[in-house]
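The values are calculated or read from the model by the stated rules, or taken from the named source; none is laboratory data. It should be emphasised that the depicted structure is a prediction, and the values quoted were computed from it without experimental measurement. Methodologically, a virtual Cβ is constructed for each residue, glycine included, from the backbone with ideal geometry; neighbour enumeration extends over all protein chains shown.
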């Protein structure tokens, strides 16, 4: 089945993923097959004239696995321009109801950071422990599973900082208070190569200097800073 046929089938199965509200300023997904093909033909002719790859306007379900869908939609922008637009959809949360976890682990006045390899960037990143959530498991249980898998901690005190919905699931940010005598055990199977404890004051400087590049960790830190006066 080609990419467009799979895309049209997905459109029938998951209409929520292709919803257009009609609001001013919205990027509108073109869902009519005849119009998709007609617009694709025009854009391909332009690409050919410019000697650009024709697959740049392949519309459809470009790739999928148990984790993600990769789609290229034919869309109409608010100014009337029509073109392809790629999006990635997390299936674990949108379909299965899994809650991804971001864990700001603290011990006294220190924050735990792990060195993790990020395949999409082909580089290492210092960040907070985080990971995908398994469907059918509560946000808190997913957080405990992630803590155990990444840093070998099973007895942390968890405080929910925020929970954001995404389809049936979403993402939860937790403050994880690690006991003083708890040993950190890094699992290389989780693409980790080390860890370090960073003082809160130093973390603040790291953030200000733009050295914390992981957006999820930055989000967790910002929420913690906003909520810390309420956290016991």
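Brief remarks on what is shown
- The lone exception for residue 136 - which of (1) under 18 Å from residue 67 (Cα atoms); (2) touching a residue at least 24 places away in the same chain (Cβ under 8 Å); (3) within 18 Å of the chain's Cα centre (by Cα) it fails: (3)
- All positions within the range 58-79 that are within 12 Å of residue 39 (Cβ to Cβ) and part of a loop (DSSP other than H, G, I, E, B): 59
- Residue match in the range 43-51 (condition: at pLDDT 95 or above and on the phi > 0 side of the Ramachandran plot): yes
- Residue within the range 149-157 that is part of a helix (DSSP H, G or I), touching a strand residue (DSSP E or B) at 6+ places or on another chain (Cβ under 9 Å) and modelled with pLDDT under 90 present: no
- Residues in the range 20-30 that are surrounded by 10 or more Cβ atoms within 10 Å (Cβ to Cβ) and touching a strand residue (DSSP E or B) at 6+ places or on another chain (Cβ under 9 Å): 20, 27, 28, 29, 30.
- Qualifying residues in the range 105-123 (those that are in a strand (DSSP E or B) and within 17 Å of the chain's Cα centre (by Cα)) - the one surrounded by the most Cβ atoms within 10 Å (Cβ to Cβ): 116
Yes/no matrix, rows are residues, columns are (1) touching a strand residue (DSSP E or B) at 6+ places or on another chain (Cβ under 9 Å); (2) farther than 22 Å from residue 168 by Cβ:
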| site | (1), (2) |
| --- | --- |
| 12 | no, no |
| 18 | yes, no |
| 36 | yes, yes |
| 49 | no, yes |
| 74 | yes, yes |
| 85 | yes, yes |
| 88 | yes, no |
| 93 | yes, no |
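- Any hit, the range 204-212, residues being without any contact (Cβ under 8 Å) to a residue 24 or more places away in the chain, surrounded by fewer than 16 Cβ atoms within 10 Å (Cβ to Cβ) and within 25 Å of residue 67 (Cβ to Cβ): no
- Residue within the range 185-194 that is at pLDDT below 90, surrounded by fewer than 12 Cβ atoms within 10 Å (Cβ to Cβ), out of contact with any helix residue (DSSP H, G or I) (no Cβ under 9 Å at 6 or more places or on another chain) and outside any loop (DSSP other than H, G, I, E, B) present: yes
- Members of the range 146-158 that are within 24 Å of the chain's Cα centre (by Cα) and buried (at least 16 other Cβ atoms within 10 Å of the Cβ): 146, 147, 150, 151, 153, 158
- Only one of 80, 136, 131 that is closer than 26 Å to residue 30 by Cβ and either surrounded by fewer than 16 Cβ atoms within 10 Å (Cβ to Cβ) or not assigned by TED's automatic domain parsing to the domain that holds residue 33 (or both): 80
- Selected residue [modelled with pLDDT of 90 or more and loosely packed, with under 15 Cβ neighbours inside 10 Å] from 126, 215, 219, 197: 215
- Residues of the range 159-182 satisfying the condition of being free of Cβ contacts under 8 Å to residues at least 24 places away in the same chain and either crowded, with 16+ Cβ neighbours inside 10 Å or within 17 Å of residue 221 (Cα to Cα) (or both): 160, 164
- Counting only residues that are at pLDDT 95 or above and surrounded by fewer than 14 Cβ atoms within 10 Å (Cβ to Cβ), the range 88-104 holds 0 of them.
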